[in-house]
Amino acid sequence: MPFTYPDDSTRTTLLRAAESHGLPLYAYDMATIRSQHQRFVRAFNTPKLRIHYAMKALSNFTILQHMRKLGLRIDAVSIGEVLKARAAGFPPDEILFTPSGVSPDEYERAIRERVRINIDNLDALEYFGVHHPNIPVGIRINPHVMGGGHSKISVGHIDSKFGISIHQLPLVRRLVQSLHMRIAGIHMHTGSDILDTQVFLRASDILFDVARQFEDLQYLDFGSGFKVAYHPNDIETDIEELGRHFTDKFEAFCSSYGKELELIFEPGKFLVSQAGYFLVRVNWIKQTTSTRFALIDSGFNHFIRPMFYGAHHEIVNLTNPDGKPRVYTVAGYICETDTFAVNRLLPEVRPGDILCFLNAGAYGYVMASQYNTRPRPAEVLIDRDEISLINPAESWEELWQREMQAHVNSS
Ligand code: LLP
């Protein structure tokens with residue numbers, strides 16, 4: 001969806017949430033998730049479509065339950081995610097495990113959990129062929145296409161650790177034939193924040209070429225990386241246009257392949273980014289020689305995207321929306337540089353005001369830590385005007401209880 005600022009009713013609801021559950025606070029709007037899901041289904045209009053939600057983006061248990069009710073499946077990258085998805089009621093065959101660099105033990109655990117597995121490393125493929133030749137697996141290829149976005153999240157290029165290079169396919173085929181393996185699917189993921197649908201289509205053509213070399217596939221998995229809009233002039237992946245071109249290509253491939261394959265996508269950001277708000281309180285306004293800081297009661301321990309990727313997140317002053325515009329650098333309380341925004345024009349910010357970061361649904365809470373010995377904040381879900389607490393804030397005591405117990409046990 002195009003970038004939008006929260007309307008008056010959303011602002012009121014967010015303030016109500018802050019009042020009931022305290023700050024800082026993550027809030028998610030279920031209506032946005034539902035409408036993004038609808039858009040995705042309409043864009044890739046085919047009964048073969050299987051949307052595996054990339055739960056790494058936002059893995060709250062209640063959110064997972066809602067995703068399941070919407071008919072989504074799961075893309076998991078760790079056994080932790082697999083077990084959480086199982087606990088949230090997803091059946092094993094609806095969970096696709098696409099890890100990178102995990103141990104043989106983790107693969108063994110995934111086998112015991114009976115989930116579907118995509119392999120992204122030749123040695124791991126050989127391991128499967130030697131130990132589990134009868135378990136069908138998918139192969140994650142690296143198409144060597146430079147996706148858009150920040151270099152940390154562009155993963156399809158030649159120097160990336162992800163996937164098996166398309167130049168190594170002869171070796172893949174050799175392993176598959178000599179170990180009598182069954183290849184069930186071909187997977188790719190070229191990175192997050194893809195700006196250009198042509199990049200995606202080019203990488204898809206490469207995947208189709210690879211797929212032709214394997215008989216008896218069940219699925220083709222095109223990963224994700226759909227860009228969302230972070231500010232009013234920002235572009236998003238034109239999912240409708242992509243869907244139109246892509247679905248035709250996919251149908252044509254299936255008829256030349258002679259089999260109806262499942263079409264898998266793994267969106268994370270697309271479904272949840274714009275649904276999320278991160279609310280914080282302003283502690284101080286600090287004027288230095290060069291800069292006017294708005295210092296907030298949070299830091300990169302709670303929301304790291306601005307610092308880690310240089311990501312731009314719009315900020316709304318919820319409690320002084322009509323204040324006169326002034327320039328602020330917004331920074332946190334961590335004892336390191338934790339700048340959320342530089343020279344941002346905001347309605348006058350006063351100590352005590354509540355600021356709201358937009359697009360905080362994806363890779364917000366899940367990337368939070370306890371750095372500086374600070375608890376992670378609460379999460380709430382807004383659904384049809386109702387606000388429910390879906391994860392309470394950690395308490396101070398929780399931060400050291402287990403260590404203290406271990407110390408007591410060991411002394
Ligand atoms: N599938 C695979 C194999 C992935 O590695 C990812 C993301 C996704 C799907 C979902 O991609 P999405 O739809 O969310 O773009 N923390 C970064 C993004 C890292 C993405 C890692 N993999 C950020 O905050 O931008």
Provide the packing ranking of 177-186, 208-217, 397-406, i.e. peptides ordered by the mean count of other C-beta atoms within 10 Å per residue, highest first. 177-186, 208-217, 397-406
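Just subtract the alpha-carbon distance of ASP205 and LEU122 from 0.36 nm times their residue separation and send over the number in nm, one decimal.
Values: separation 83, 0.36 × 83 = 29.88 nm, distance 2.22 nm.
Using 0.36 nm per residue and subtracting the Cα-Cα distance, I get 27.7 nm.
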Under 1.5 on a/c is rounded, so check that first for region 1-111, then, if it is not, pick prolate when a/b is larger than b/c and oblate when it is not; a ≥ b ≥ c are the square roots of the alpha carbon gyration tensor eigenvalues. oblate
Say R0 is 35 Å: what FRET efficiency, to the nearest 0.05, do PHE61 and ASP7 get from their beta-carbon distance? 0.75
If each Cα of region 336-411 is one equal point scatterer, what is log10 of I(q)/I(0) from the Debye formula at q = 0.14, 0.20 Å⁻¹? -0.74, -1.17
Relative to 2.2 N^0.38 Å, what does the C-alpha radius of gyration of the chain come to as a ratio? Two decimals please. 1.05
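Order 228-234, 302-308 from most to least packed using the mean count of other Cβ atoms within 10 Å. Each step should come with its number before you reach the end.
Values: 228-234: 15.4, 302-308: 21.1.
Highest mean packing first, the order is 302-308, 228-234.
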Rh (Kirkwood; distinct C-alpha pairs) - region 273-402, Å: 15.4 Å
Of LYS161/LYS259; LYS227/LYS324; LYS286/LYS324; LYS56/LYS259, which sit over 23 Å apart, Cα to Cα? LYS161/LYS259; LYS227/LYS324; LYS56/LYS259
Here, ARG384 and VAL327, labelled 7 Å along Cα→Cβ, have an inter-label distance in nm of 4.8 nm
Under 5 Å from the placed amide H of VAL380, counting only residues 5+ away or on other chains, we find TYR26, ALA27, TYR28, ILE390
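At a threshold of 8 angstrom on Cα-Cα distance, excluding pairs fewer than six apart, so keeping six or more, what relative contact order does the chain reach in percent? Don't jump to the answer; show the numbers that get you there.
Values: 850 pairs, mean separation 79.4, N = 411.
Answer for the chain is 19 percent.
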What Kirkwood radius, in Å to one decimal, follows from the Cα pairs of region 59-267? 17.7 Å
Cα gyration tensor, region 95-137 - rounded (a/c under 1.5), prolate or oblate: rounded
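What FRET efficiency do you get for GLN213 and HIS312 if R0 is 41 Å and r is their Cβ-Cβ distance, rounded to the nearest 0.05?
On the way: r = 42 Å, r/R0 = 1.01.
So, using R0 = 41 Å, E works out to roughly 0.50.
At 0.36 nm per residue, minus the direct Cα-Cα distance, what do HIS231 and ARG350 gain on full extension? Give it in nm, one decimal, please.
Details: separation 119, 0.36 × 119 = 42.84 nm, distance 2.35 nm.
So the chain would gain 40.5 nm between HIS231 and ARG350.
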From the phi angles alone, apply the Karplus equation (6.51, -1.76, 1.60; θ = phi - 60°) to region 347-359 and give each ³J(HN,Hα) in whole Hz, x where the residue is Gly or Pro. x, 2, 9, 10, x, x, 4, 9, 9, 10, 8, 8, 6
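Only the coordinates and a few stated rules stand behind these numbers; no lab work does. Keep in mind that what you see is a predicted model, and the values were worked out from it rather than measured. Counting neighbours? That spans all protein chains shown, and the Cβs are built from the backbone with ideal geometry, glycine included.
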